[in-house]
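Undergrad: Okay, here's the structure, questions in a sec.
The values are calculated or read from the model by the stated rules, or taken from the named source; none is laboratory data. Predicted, not measured: the structure shown is a model, and the values here were computed from it. Heads up, the Cβs are rebuilt from the backbone with ideal geometry, glycines too, and the neighbour counts pull from every protein chain shown. Accessible surface is based on the protein model in full, side chains and every heavy atom, while ligands, DNA and RNA are left aside. Shrake-Rupley method; radii C 1.70, N 1.55, O 1.52, S 1.80 Å.
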Amino acid sequence: MSQTYESWGRYPKVRHKTVIPIRWRNEIPALDRLDAPVLAYGMGRSYGDVCLNENGVLLDIRPLNRFIDFDPEQGVLRCEAGVTLDQILRLIVPRGWFLPVTPGTKYVTVGGAIANDVHGKNHHHAGTFGRYVTQLELLRSSGERVICSPTQNVELFRATIGGMGLTGLILWAEFRLRRIPSAYIEEELIRFDHLDEFFEISAASDEDYEYTVAWVDCLAQNRHLGRGIFMRGNHAEGVPILTPDSTPRLTVPIDFPDCVLNPFSMRLFNALYYHRLRHKRERRLVHFEPFFYPLDMVRQWNRIYGRRGMLQFQCVVPVGDHREVIRAIVERIARSGRASFLAVLKEFGDVPSPGLMSFPRPGVTLTLDFPFEGVRTLHLFDDLHALVREAGGAFYPAKDAHMSPQDFHVSYPQWETFARYVDPHFSSSFWRRVTRGQDLSSVPVFHTPAVSRPAEN
Amino acid sequence: MTNVLIVGATSAIAHAVARHFAAAGDNLFLVGRNPEKLTAVADDLRVHGASQVQTYQLDVNDLERHADMLAAATAAFGPVDVALIAHGVLPDQKACEQDVYEMLQAFQTNAVSTMALLTLIANDFEARGRGTIVVISSVAGDRGRQSNYVYGASKAAVSIFSQGLRNRLARRGVQVITVKPGMVDTPMTAHMRKGPLFASPERVGQDIYQAILKGKDVVYTPWYWRLIMGVIVHIPERVFKYLRL
Ligand SMILES: Cc1cc2nc3c(=O)[nH]c(=O)nc-3n(C[C@H](O)[C@H](O)[C@H](O)COP(=O)(O)OP(=O)(O)OC[C@H]3O[C@@H](n4cnc5c(N)ncnc54)[C@H](O)[C@@H]3O)c2cc1C
Ligand SMILES: NC(=O)c1ccc[n+]([C@@H]2O[C@H](COP(=O)([O-])OP(=O)(O)OC[C@H]3O[C@@H](n4cnc5c(N)ncnc54)[C@H](OP(=O)(O)O)[C@@H]3O)[C@@H](O)[C@H]2O)c1
């Protein structure tokens, strides 16, 4: 049992005043009487500080993990906010349903998936998770319980989707699933030698493949710059097997010494990974687990980064001169020689998110992590941020421990509208960081028009 | 299909066990004192696949209502096949040393009500010549310790009582399983610092479900508590009495 409350990147390290486990929807302490700001904590799979609340109170919602209702005909599921995507898959896959959108790990809660309005490999077709939420119950610190949906308390709904946990505590949510013919994915892997080829394959895959993503070798330089493997797939027809199969194979039981991930080992890993494809193109049938959650096979893999932890970087560069900008970013990273092996490139589609503060927008998104090595890492981040900023790009709060208030304001110009919906007793380390120097006391606090009727059950 | 009766159904451990029965499509009769919590658990078990779920509100210290409860459970789905008794409280040891009423109250909830339920259920099962009775005791009942002997004694009563019952019913086709969990991360232990010996309720629930399927007698869960208690029980009393355990 873990008693530590850290984020997945294990950086920054902060102390909390108290942690209150939330076990029952009908037994929640009066949040406005607590003497420090509060924040919900799910599975802590955010990398930076959106799920941290230094010197504040964390509400650990993992015990709030019960299903409420499932309609196997319509594919609509209602559950408490601490239910994990893993729990859901075990329930729905054998019945022929799947998540409408899933991030690269199934160890996240429904509350966390909504609060960061997560995206997956099908963003270009399906948009974000929030699009499938049909309703949710939000507990404000005043004790008021508000049912929010695309038609009820719409403003608060939009602020809560992608609202980084700041609008209150989500108690339960209801969302739509998608049907699947099998638990398998028909996957095609294509090796590309440079970034231009990535963009060609990506454009050609857009229509016919529901899932697309690419792994890039961020350490290869010169003529190999931007080489990688493009992965695309669809749910397989004609393989009527519906096993949710989910046992992690390995655990990283201890923190690795800081020297394990050195530039040499990472370069070697990347080269091996790239050459793993013996042919230019390979097709295979894979279970959805390794396809969507390759990292979940090793529990607590974040420990390979040692005690110092890691910094994640995820940006989106808007359509326009995105090719040049992505190239410049990859070049800068390759030159540093510090990137790890988990670099991912994907083109977002233009399906709009309901969330006021949702991160995805049309363009190209690049994600990777760096072992935290002090100022050297921070300098590299400054350079990367400058490149993204110039291109009018944005950073993803769920993966961030570094963006400045200016970066945040430029990435999310609507942030001041959002601030109205932030619950006066909720806050986070992230929120304080990106609003530093702003006077929020003059922001009028949002009140729901009328006290909402609680749901039938 | 199995008809399962669970007393203390809102317990974290009981819920973890119940999810296994639900996934197997069994019928569940849930008894507890808080109707909102019972509803939350019942909904979850329905989604997990339970055929039918009914709830029944009861404070186990209402001994006169036990027979009505058992009759209602039988009326709901027919004779009960598996009865799991899971309710319990972890009293404040220091308070119990100062206040006789506190001490007796813990005994009432953990031991008296449980033995009352066991007696009724045992007679019902004996008459039918079948059924499985599962009762959650604790490793704390294996030896009295200064830090926790009120709880320990109440659980020791449950352990010995169920052991005798097992002996009485062994030749009558009725299985009695005594479960002895170690430390489990549930609301009951919310105030304690969690060390590496703490197990999740899911892990313990899985062990209990397996024990029921296999028809075990005494189950330590997780298994290593059998070793730990094996050592603790064998420390000579003249040494043990000076230990701070
Ligand atoms: C290996 C890996 C791969 C990933 N891949 C992707 C990806 O492909 N796409 C993507 O979008 N993200 C991805 N992520 C990030 C992850 O999906 C998000 O950070 C997600 O929000 C984590 O959910 P959580 O339950 O761990 O929440 P936490 O990290 O604990 O919390 C996240 C936020 O949700 C809020 N929150 C949690 N529960 C509630 C609640 N009940 N009510 C109100 N607010 C709440 C918290 O306050 C916090 O602001 C990945 C993460 C990892 C580790
Ligand atoms: N957790 C451990 O470390 C541990 C170790 C060994 C043994 N055990 C035993 O395991 C069993 C389950 O406990 P748990 O750990 O799952 O803790 P739990 O979640 O706190 O469950 C205890 C349950 O007992 C119920 N209860 C208490 N008094 C009652 C009464 N008078 N009438 C009706 N119900 C009553 C509670 O109901 P409410 O929800 O309404 O309060 C609650 O559902 C208990 O017998 C406990 O002694 C636990």
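Undergrad: Can you pull the one-decimal nm distance between simple spin-label points at B:L245 and B:E36, each 7 Å off the Cα toward Cβ?
TA: With each label point 7 Å from Cα toward Cβ, the separation is 4.1 nm.
Undergrad: Looking at chain A, how many pairs of lysines come closer than 18 Å at the Cα, when each pair is eight or more places apart or spans two chains?
TA: Numbers: A:K13/A:K399; A:K106/A:K121; A:K106/A:K399; A:K121/A:K346; A:K121/A:K399; A:K346/A:K399.
Within chain A, the lysine pair count is 6.
Undergrad: Still on this structure: Rounded to the nearest 0.05, what FRET efficiency is calculated for A:R283 and B:Q105 with R0 set to 60 Å and r the Cβ-Cβ distance? Could the numbers behind the result be given before it?
TA: On the way: r = 68 Å, r/R0 = 1.13.
So, using R0 = 60 Å, E works out to roughly 0.30.
Undergrad: So, one more: Provide, in order from the shortest bin, the percent of all Cα-Cα pairs of the protein assembly as shown in each 20 Å bin, continuing until the bin that contains the maximum pair distance.
TA: Percent of Cα pairs in each bin: 16, 45, 30, 8, 0.
Undergrad: Where the Cα atoms of the stretch A:184-402 are projected onto their three principal axes, how long is each span, largest first, in whole Å?
TA: The Cα atoms of the stretch A:184-402 stretch 53, 45, 40 Å along their principal axes.
Undergrad: So for the stretch B:3-240, averaging the separation of alpha carbon pairs under 8 Å that are six or more residues apart and normalising by length, what relative contact order in percent results?
TA: Values: 421 pairs, mean separation 43.2, N = 238.
Relative contact order of the stretch B:3-240: 18 percent.
Undergrad: I need the Debye-formula profile for the stretch A:121-265: one equal scatterer per C-alpha, no solvent, reported as log10 I(q)/I(0) at q = 0.17 1/Å, two decimals.
TA: With one equal scatterer per Cα and no solvent, log10 I(q)/I(0) is -1.05.
Undergrad: Related question: Given 25 °C and 0.890 mPa s, compute D for the stretch B:3-240 with the Stokes-Einstein relation, Rh being the Kirkwood radius over Cα pairs; round to the nearest whole µm²/s.
TA: Working: Rh = 18.1 Å.
Translational D for this selection: 136 µm²/s.
Undergrad: Additional query: Just subtract the alpha-carbon distance of A:Q152 and A:R299 from 0.36 nm times their residue separation and send over the number in nm, one decimal. Before the final figure, lay out each step's value.
TA: Numbers: separation 147, 0.36 × 147 = 52.92 nm, distance 3.95 nm.
In short, 49.0 nm is gained.
Undergrad: At a probe of 1.4 Å, how much accessible area disappears from chains A and B on forming the pair, both sides counted, to the nearest 100 Å²? Kindly include the intermediate steps, with their values, before the conclusion.
TA: Values: alone 18900 and 11820 Å², together 29130 Å².
Chains A and B together bury roughly 1600 Å² of accessible area.
Undergrad: Using all C-alpha to C-alpha distances in the stretch B:10-90, build P(r) with 10 Å bins and read off the rounded percent in each one.
TA: P(r) over the stretch B:10-90, rounded to whole percents: 18, 56, 25, 1.
Undergrad: Could you work out, residue by residue across B:40-49, how many beta carbons of other chains sit within 10 Å of that residue's beta carbon, and then give the average as an integer? Show your work: numbers first, answer last.
TA: Details: counts 11, 2, 2, 9, 8, 2, 4, 11, 6, 4.
Partner Cβ neighbours, averaged per residue: 6.
Undergrad: A follow-up question, please. Note down the nm distance, to one decimal, between modelled labels 7 Å out along Cα→Cβ at B:R65 and at A:T4.
TA: Reported label-point gap for B:R65 and A:T4 is 4.7 nm.
Undergrad: When the helix-only estimate is applied to the protein assembly as shown (DSSP H runs of n ≥ 4, each -39,500 (n - 2.57), divided by the residue count), what is the mean residue ellipticity at 222 nm, nearest 500 deg cm²/dmol?
TA: Working: 22 runs with 219 residues, N = 702.
Calculated at 222 nm, the ellipticity per residue is -9000 deg cm²/dmol.
Undergrad: Once you have the Cα-Cα distance between A:V319 and A:A386, take 0.36 nm times their residue separation minus that, and quote the gain in nm to one decimal. Don't skip to the answer; put the middle values down first.
TA: Values: separation 67, 0.36 × 67 = 24.12 nm, distance 1.74 nm.
Here the answer is 22.4 nm.
Undergrad: For the pair A:D439 and A:R179, how long in nm is the line joining their label points, each one 7 Å along Cα→Cβ?
TA: For the pair A:D439/A:R179, the computed spacing is 5.8 nm.
Undergrad: Right, another one. Rounded, prolate or oblate for the stretch A:349-395? Axes are the square roots of the Cα gyration tensor eigenvalues, ordered a ≥ b ≥ c, and the cut-off for rounded is a/c under 1.5.
TA: Prolate.
Undergrad: Okay, next question. Working out 0.36 nm times the residue gap between B:A170 and B:T119, then minus their Cα-Cα distance, what length gain in nm do you get to one decimal? Numbers along the way, then the final one.
TA: Numbers: separation 51, 0.36 × 51 = 18.36 nm, distance 1.50 nm.
Extending this stretch completely gives an extra 16.9 nm.
Undergrad: Only Cα pairs under 8 Å and at least 6 apart count here; give the relative contact order of chain A as a rounded whole percent. It would help to have the intermediate numbers written out before the result.
TA: On the way: 1025 pairs, mean separation 88.1, N = 457.
It rounds to 19 percent for chain A.
Undergrad: Assuming a viscosity of 1.306 mPa s and a temperature of 10 °C, what translational diffusion coefficient in µm² per second does Stokes-Einstein assign to the stretch B:122-164, Rh being the Kirkwood radius over Cα pairs? Please report the intermediate quantities before stating the final value.
TA: Values: Rh = 11.5 Å.
Estimated diffusion coefficient is 138 µm²/s.
Undergrad: Moving on. So if we plug the beta-carbon distance of A:R327 and A:H409 into 1/(1 + (r/R0)^6) with R0 = 30 Å, what FRET efficiency do we get, rounded to 0.05? Walk me through the numbers on the way to the answer.
TA: Values: r = 27 Å, r/R0 = 0.89.
Efficiency computed from Cβ-Cβ geometry: 0.65.
Undergrad: Counting heavy atoms of the protein chains only and a 1.4 Å probe, report the per residue accessible area for the protein assembly as shown as a whole number of Å².
TA: Using a 1.4 Å probe on heavy atoms only, each residue of the protein assembly as shown averages 41 Å².
Undergrad: Moving on. Whenever you get a sec, compute what percent of the accessible area on the stretch B:140-205 sits on carbon and sulfur atoms (1.4 Å probe).
TA: About 54 percent, which is the carbon plus sulfur part of the accessible surface.
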